[in-house]
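Since the structure comes first, as structure tokens, the remarks are kept for the end.
The values are calculated or read from the model by the stated rules, or taken from the named source; none is laboratory data. These numbers come from a predicted model, not from an experiment. Here the Cβ is made from the backbone with ideal geometry for all residues, glycine too, and neighbour counts use every protein chain on show. The protein model used for the area step is the full one, side chains on, heavy atoms only, and it has no ligands, DNA or RNA in it. Shrake-Rupley method; radii C 1.70, N 1.55, O 1.52, S 1.80 Å.
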Amino acid sequence: MRDRDPDPEGDIQYPDPREEDIYAGDRRISRPDSAFPDWYIPDAKYRPIPIAWFAAAFLVQMVVLFAIFMVLSAQNGWLTIALCSLATGAIGLWVWDKGMRKAGFAWRLSTIVMLTVQLAFVCLGASSRL
């Protein structure tokens, strides 16, 4: 069975999707700046997720601690441990300010454990120079 034109006389004025929003009841299904309906790309603001903050803290700390450890490899181990501890604290504050303080308890705990474990590896490596 072929689809029939619902308006054979052409009396109904359909909205132009390039010019205005198209609604199905109270739900917008198309808008001028997007070819996707609302259910596919909802209107929302960007909200980073805790895994992004966790990964950023992990990677930044890994690079920074490695750089400090290598630069100070000929110095006393206490200097390496102190500077790496300061850097870890600064990275922790940075990630907390980015939004980790609002994340779930498990994400906050995991971030603290990860920062502590990476610092512990540096302390273990620097312990031979104490």
Note on segment 86-130: residues without any contact (Cβ under 8 Å) to a residue 12 or more places away in the chain, in contact with a helix residue (DSSP H, G or I) (Cβ under 8 Å, 6 or more places away or on another chain) and open to solvent by less than 60 Å² (accessible area, probe 1.4 Å) are none
Scanning segment 70-103 for residues that are out of contact with any Leu (no Cβ under 7 Å at 6 or more places or on another chain) and among the small types (Gly, Ala, Ser), the one nearest to residue 114 (Cα to Cα) turns out to be 89
Exactly one of 57, 103 is among the small types (Gly, Ala, Ser), over 25 Å from residue 129 (Cα atoms) and in contact with a Gly (Cβ under 9 Å, 6 or more places away or on another chain), and that residue is 57
field: Filter pass, residue 75 being at pLDDT 95 or above, of a type in the set (S, T, N, Q), surrounded by 10 or more Cβ atoms within 10 Å (Cβ to Cβ) and within 21 Å of the chain's Cα centre (by Cα)
entry: no
Considering only helices (runs of 4 or more DSSP H) wholly within segment 42-130, the ones with at least 1 residues that are among the basic types (Lys, Arg) are 77-98, 105-126
| message | Kindly evaluate residue 64 against the criterion of being surrounded by fewer than 12 Cβ atoms within 10 Å (Cβ to Cβ) and either within 21 Å of residue 129 (Cα to Cα) or in contact (Cβ under 8 Å) with a residue 60 or more places away in the chain (or both). | response | no
